[in-house]
Amino acid sequence: MNIGVRDIDRVNLSSSGDHKTITVLGSTGSIGCNTLDLIAREPEKYTVKALTANSNVAELAKQAKEHKAEMAVIADDSKLDDLKTALSGTNIIAAAGKDALNEAADMPADWVMSSIVGAAGLRPTLTAVRRGATIALANKECLVCAGEFMMEQVDANNATLLPVDSEHNAIFQVFDFDEAEKVDKITLTASGGPFWNRDVSELGDITPEEAVKHPNWSMGAKISVDSATMMNKGLELIEAFYMFPVEKDQLDIIIHPQSIIHSMVSYIDGSVLAQLGTPDMRIPISYTLGWPHRIKTPSKKLDLTEIGKLEFIKPDEVKFPSINITREVLQKGGSAPTILNASNEVAVSAFLNGKIRFLDIAKIVGHTLDKITVHHMNSLSDVHDVDEEARIVAGEIITGFTK
Ligand code: NDP
């Protein structure tokens, strides 16, 4: 059985009473903006230490001023002068580059939102883990590409990892960590994305604009495409394996197009516990922000009579090969999830840039996995090497798929 968030109760809950110091890694994205929206509603409860972005200087500077951040970091170091100009006349420290991202994560904030997209979030997230912070983890790619090492570091540094992904947050709310052996299975619900009920013959010509239009959730481009290919659910399967003390074959996926039940835990007595809510990421984010207490959100309250019916459908694993690919990867373990994550990031980016077709994404991931020998990884530097190799191989494969 793997380690997970089960040891959370032995963590020193709150060093500072009701007041929290906050850092948001990836503050300009969808999760970052939702997080700051909650913080802005009760500013007296929070002090913002650092905010970070990749290249969106204007939004980052606006947020940093509004939230009186101590530091603003832009990962793209060619934009440092722009950031300095945008923050001139304030006391906010402007910094740029990957090392500065790390410095932001290292600042003594009680609570860190990890919401950079992709494996780029791994290093700063680990930095926050290593100083024993409470980390609200939205960046699932971190756990997919380096799950074992991340969880080891969480344990070793007495850090706290709180799941932000709505499914994992739901599981976290209903999982009986004291009697984990009484859990029969975890069921991750999936909206199915925009194409779950389309015929596979219609998927060949899907454009990036269509793929990013999610029916229920407003999210960043990468996760929206992952949701459309259902790779997102596969990544979440791996994420759940590392977060919760269950075996690989205790994880199930079901399509639930209304996105009201966010996931379920079934117990050996036949009881099934679920968490429900309207599809608004501010609900799971608030659970991690207030944890161990609940806080009020402006989210629409759930009215089941308004919704009328909830549907559940078995996913079509032929139409969505990503699910099978991720199941195999989870079984293989070792470097396989790292290869999966890196090749998927490369393929999604190629699709968004119009270089490949929608259905090519899963093929490229599958071919990359076929080409690279899976091995046991001993260190984080192994993770970086595998990630780099998989990106190169996926890039080469993509040239053969060009539209
Ligand atoms: P977005 O694309 O909306 O935002 C990503 C954020 O990361 C932005 O602040 C972006 O900066 C920054 N960023 C991008 N690339 C880099 C980089 N190389 N280095 C440093 N910073 C970078 O993504 P989302 O908010 O949708 O998703 C963030 C994470 O949360 C993902 O891992 C996703 O899977 C996960 N998640 C998201 C959900 C959602 O509802 N959106 C739900 C559950 C999980 P800039 O704006 O400058 O580009």
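Throughout, read-outs are computed from the coordinates displayed, never taken from laboratory work. These numbers come from a predicted model, not from an experiment. Counting neighbours? That spans all protein chains shown, and the Cβs are built from the backbone with ideal geometry, glycine included.
Consider only pairs whose beta carbons are under 8 Å apart and that are at least six residues apart or on different chains; among these, list those whose first residue lies in the stretch 203-232 and is in contact (Cβ under 8 Å) with a residue 40 or more places away in the chain and more than 17 Å from residue 356 (Cα to Cα) and whose second residue is surrounded by 24 or more Cβ atoms within 10 Å (Cβ to Cβ) and acidic (Asp, Glu).
Within 8 Å, the pairs are 232/226.
Do any helices (runs of 4 or more DSSP H) lying entirely in the stretch 165-255 carry at least 1 residues that are over 28 Å from residue 332 (Cβ atoms), and which ones are they? Please lay out each step first, then the result.
Working: elements: 166-174, 208-211, 221-229, 231-243.
Because the criterion is at least 1 residues that are over 28 Å from residue 332 (Cβ atoms), the helices (runs of 4 or more DSSP H) in the stretch 165-255 that meet it are 166-174, 208-211, 221-229.
Residues that are surrounded by fewer than 22 Cβ atoms within 10 Å (Cβ to Cβ): list the strands (runs of 3 or more DSSP E) wholly contained in the stretch 72-138 that include at least 1 such residues.
Working: elements: 93-96, 111-114, 134-137.
Filter on the stretch 72-138 gives 93-96.
Considering only the stretch 25-45, state which residues are in a loop (DSSP other than H, G, I, E, B), over 11 Å from residue 113 (Cα atoms) and under 17 Å from the mean Cα position of the chain (by Cα). Step through it out loud before you land on a result.
The initial filter retains those residues of the stretch 25-45 that are in a loop (DSSP other than H, G, I, E, B), namely 26-29, 42.
The next check asks that each one be over 11 Å from residue 113 (Cα atoms); those that pass are 28-29, 42.
28, 29, listed by residue number.
Can you pull out the residues in the stretch 320-330 that are surrounded by 19 or more Cβ atoms within 10 Å (Cβ to Cβ) and touching a residue at least 60 places away in the same chain (Cβ under 8 Å)?
Passing the criteria: 320, 322, 323, 325, 326, 329, 330.
Could you grab the pairs with beta carbons closer than 6 Å, sequence gap of 6+ or different chains, first residue in the stretch 94-120 and on the phi < 0 side of the Ramachandran plot, second one part of a helix (DSSP H, G or I) and acidic (Asp, Glu)?
Between residues of the stretch 94-120 that are on the phi < 0 side of the Ramachandran plot and residues that are part of a helix (DSSP H, G or I) and acidic (Asp, Glu), the close pairs are 96/77; 119/141; 119/387.
Look at the stretch 346-368 and say how many of its residues are part of a loop (DSSP other than H, G, I, E, B), out of contact with any Gly (no Cβ under 9 Å at 6 or more places or on another chain) and of a type outside the set (Lys, Arg). Show your work before the answer.
First, pick out the residues of the stretch 346-368 that are part of a loop (DSSP other than H, G, I, E, B): 353-359.
Of the ones still in play, those that are also out of contact with any Gly (no Cβ under 9 Å at 6 or more places or on another chain) are 353-356.
This time we only want the ones that are of a type outside the set (Lys, Arg), so: 353-354, 356.
Adding up the residues that qualify gives 3.
Looking at residue 305, is it over 21 Å from residue 118 (Cβ atoms), part of a loop (DSSP other than H, G, I, E, B) and not charged (D, E, K, R)?
Details: over 21 Å from residue 118 (Cβ atoms): yes; part of a loop (DSSP other than H, G, I, E, B): no; not charged (D, E, K, R): yes.
It is false that residue 305 is over 21 Å from residue 118 (Cβ atoms), part of a loop (DSSP other than H, G, I, E, B) and not charged (D, E, K, R).
Assess whether residue 201 counts as being among the small types (Gly, Ala, Ser), within 13 Å of the ligand (Cβ to nearest atom) and surrounded by fewer than 24 Cβ atoms within 10 Å (Cβ to Cβ).
no
Name every residue in the stretch 33-70 that is away from the ligand (no atom under 15 Å from the Cβ), surrounded by 18 or more Cβ atoms within 10 Å (Cβ to Cβ) and free of Cβ contacts under 8 Å to residues at least 40 places away in the same chain, in order of residue number.
Residues satisfying the conditions are 46, 47, 70.
May I ask you to say which residue of 154, 164 is buried (at least 24 other Cβ atoms within 10 Å of the Cβ), within 16 Å of the ligand (Cβ to nearest atom) and in contact (Cβ under 8 Å) with a residue 12 or more places away in the chain? Working first, answer last.
Details: 154 fails: within 16 Å of the ligand (Cβ to nearest atom).
Of the residues listed, the single one that is buried (at least 24 other Cβ atoms within 10 Å of the Cβ), within 16 Å of the ligand (Cβ to nearest atom) and in contact (Cβ under 8 Å) with a residue 12 or more places away in the chain is 164.
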